[in-house]
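Worksheet: the structure to be examined is printed underneath.
The values are calculated or read from the model by the stated rules, or taken from the named source; none is laboratory data. These figures come from a predicted structure and were not determined experimentally. All Cβ positions, glycine included, derive from the backbone under ideal geometry; neighbour counts span all protein chains shown.
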Amino acid sequence: MASSNDIPNLKTLLGHGRGTGLRGRGRGRGGLGGPSEERAQLLDNAVKGTDQDAAGSRLSCVELGYLDDPYAKLLTTQQATRKLPLLNRGTYVRTSAIDLLVAKFLVTYPASAKQVISLGAGTDTRFFRLLDLYPQTRLLYHEIDFPTNTLAKIVAIQRQPLLYRKLLHTPATSASYHSETYNIHALDLRSLADPSDGTPLPQIPNLNPNIPTLILSEMCLVYLQPSTVQSIVTSLLTHYLQPTTPAALILYEPILPQDPFGRTMISNLQSRNIHLHTLTAYPELGDQRARLQAYGLVDGAKVADTNTIWRKWINEEEKERIAGLELLDELEELEMLLRHYCVAWGWRDGQGDVFSQAWADVNE
Ligand SMILES: C[S@@+](CC[C@H](N)C(=O)[O-])C[C@H]1O[C@@H](n2cnc3c(N)ncnc32)[C@H](O)[C@@H]1O
């Protein structure tokens, strides 16, 4: 979920407040100038900084009991700041939804090791949580992010015995870390896009081209141009992985850019020099599904907005527990917020139909 600065003023959009509700229309300092080096740097820095929003949202949820994650605090330098109940609910649904899909992926192919490639992983704690939850699973985990973010993560891991003791060896001070279980790659994802000028693609050490692989983009590919995303995904699916390797992609992204909520979300982020390129390219649930098929994930493509996920994926007992954590009267606002984010997951099965079976009972 975005930070509280980025989401629209929901009360106003629903007609409960004053004014037009369309705030923060500023273009930011970059203006409309050409793609100068300086502007490109400015835009990249803004995108790198979004990890702090994600970390802050996660921490808020952990402190309030929405999520059980002992690692969230250790991987961020942020002070815990309590987010709005609406946002906490959104972050809770986002994390739980991806956790559920990942859990189902991990029980496929019991005899095989499984690989996860997390794009724009930032301070995400999922690897450490999965080690606790699935100690028997042979997991090969890769995270990719800009060097600034990977270095900060590695330094945080070095400082925390609870983290580095889970690794095969303590990381040296470097922007990348490689091992047989956990890898942090300092890479600009755009360098994985098929280069038209014949430049060789970068090495991703320890990536196994043959084992069932889940590619995860939790609020990451949304910041890139759709054609670049297409190229990155194709390159992962056909160059870094064997074209016959069972593979899946999970996306978490905002949708519905054209209504007042969507327009305000976009303009609030633009004022921070953050542009959601795939949001305009894939505005509706059906567009998200179609894009997965276009990436070559031909055996299945599903999508659900987070409102549906809250209603259908979370059991009643858990819903009651969550409802008891914080007072949340703004149910209309919550629904509006949750409708503007989705999880999309698509797969190619390789030889069998294992992913199709694993996710058969997950409702859209
Ligand atoms: C909103 S954060 C999400 C972090 C994490 N996936 C999560 O959900 O907690 C987006 C992350 O994507 C990374 N990212 C965006 N574009 C990238 C690129 N071109 N190369 C590498 N990382 C990128 C950012 O640096 C940032 O860490």
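What single numbered condition from (1) under 30 Å from residue 211 (Cα atoms); (2) at pLDDT below 95 fails to hold for residue 81?
Going through the list (1) under 30 Å from residue 211 (Cα atoms); (2) at pLDDT below 95, residue 81 breaks only (1).
Within the range 201-218, restricting attention to residues that are over 30 Å from residue 96 (Cβ atoms) and within 15 Å of the ligand (Cβ to nearest atom), which residue is surrounded by the most Cβ atoms within 10 Å (Cβ to Cβ)?
201
Any idea which of (1) away from the ligand (no atom under 16 Å from the Cβ); (2) buried (at least 19 other Cβ atoms within 10 Å of the Cβ); (3) more than 28 Å from residue 109 (Cβ to Cβ) is the one residue 198 doesn't satisfy?
Residue 198 satisfies every listed condition except (2).
Is it the case that the range 262-277 has a residue that's among the charged types (D, E, K, R), at pLDDT 95 or above and under 29 Å from residue 361 (Cβ atoms)?
Within the range 262-277, none of the residues are among the charged types (D, E, K, R), at pLDDT 95 or above and under 29 Å from residue 361 (Cβ atoms).
Mind checking whether some residue in the range 310-333 is within 18 Å of the chain's Cα centre (by Cα) and surrounded by fewer than 15 Cβ atoms within 10 Å (Cβ to Cβ)?
No: zero hits.
Out of everything in the range 189-244 that is of a type in the set (D, E, K, R) and over 16 Å from the mean Cα position of the chain (by Cα), what residue ends up being farthest from residue 139 (Cα to Cα)?
197
Any idea which of 183, 88 is farther than 25 Å from residue 233 by Cα, within 16 Å of the ligand (Cβ to nearest atom), buried (at least 17 other Cβ atoms within 10 Å of the Cβ) and at pLDDT 95 or above?
Just one listed residue meets the conditions, 88.
Cβ-Cβ below 7 Å, separation at least six or inter-chain, first residue in the range 116-134 and over 15 Å from residue 251 (Cβ atoms), second in a loop (DSSP other than H, G, I, E, B) and of a type in the set (Val, Ile, Thr): which pairs?
Listed by first residue and then by second, the contacts come to 123/76.
Considering only residues of the range 319-364 that are in a loop (DSSP other than H, G, I, E, B) and under 20 Å from residue 98 (Cα atoms), which is modelled with the highest pLDDT?
340
Taking the range 131-165 on its own, how many of its residues are over 20 Å from the mean Cα position of the chain (by Cα) and not in a helix (DSSP H, G or I)?
Count: 7.
Mind checking which residues of the range 167-198 are touching a residue at least 12 places away in the same chain (Cβ under 8 Å), among the acidic types (Asp, Glu) and over 19 Å from residue 131 (Cβ atoms)?
Hits for the range 167-198 are 188, 194.
So which residues in the range 142-173 are within 20 Å of residue 190 (Cα to Cα) and either among the aliphatic types (A, V, I, L, M) or surrounded by 19 or more Cβ atoms within 10 Å (Cβ to Cβ) (or both), if there are any at all?
Hits for the range 142-173 are 142, 143, 144, 145, 146, 149, 150, 151.
Out of the residues in the range 250-286 meeting the condition of being free of Cβ contacts under 8 Å to residues at least 24 places away in the same chain and away from the ligand (no atom under 16 Å from the Cβ), tell me which one is surrounded by the fewest Cβ atoms within 10 Å (Cβ to Cβ).
If we take residues in the range 250-286 being free of Cβ contacts under 8 Å to residues at least 24 places away in the same chain and away from the ligand (no atom under 16 Å from the Cβ), then 286 is surrounded by the fewest Cβ atoms within 10 Å (Cβ to Cβ).
Conditions: (1) in contact with an Asp or Glu (Cβ under 8 Å, 6 or more places away or on another chain); (2) under 21 Å from residue 54 (Cα atoms). Residue 168 meets all but one. Number of the miss?
Failed condition: (2).
Could you list, ordered by first residue, the pairs with Cβ atoms under 6 Å in which the first is in the range 49-69 and within 13 Å of the ligand (Cβ to nearest atom) and the second is of a type in the set (Gly, Ala, Ser) and at pLDDT below 95, at least 6 apart or interchain?
53/3; 59/80
Restricting to the range 103-130, what's the tally of residues that are part of a loop (DSSP other than H, G, I, E, B), within 16 Å of the ligand (Cβ to nearest atom) and at negative phi?
The total comes to 4.
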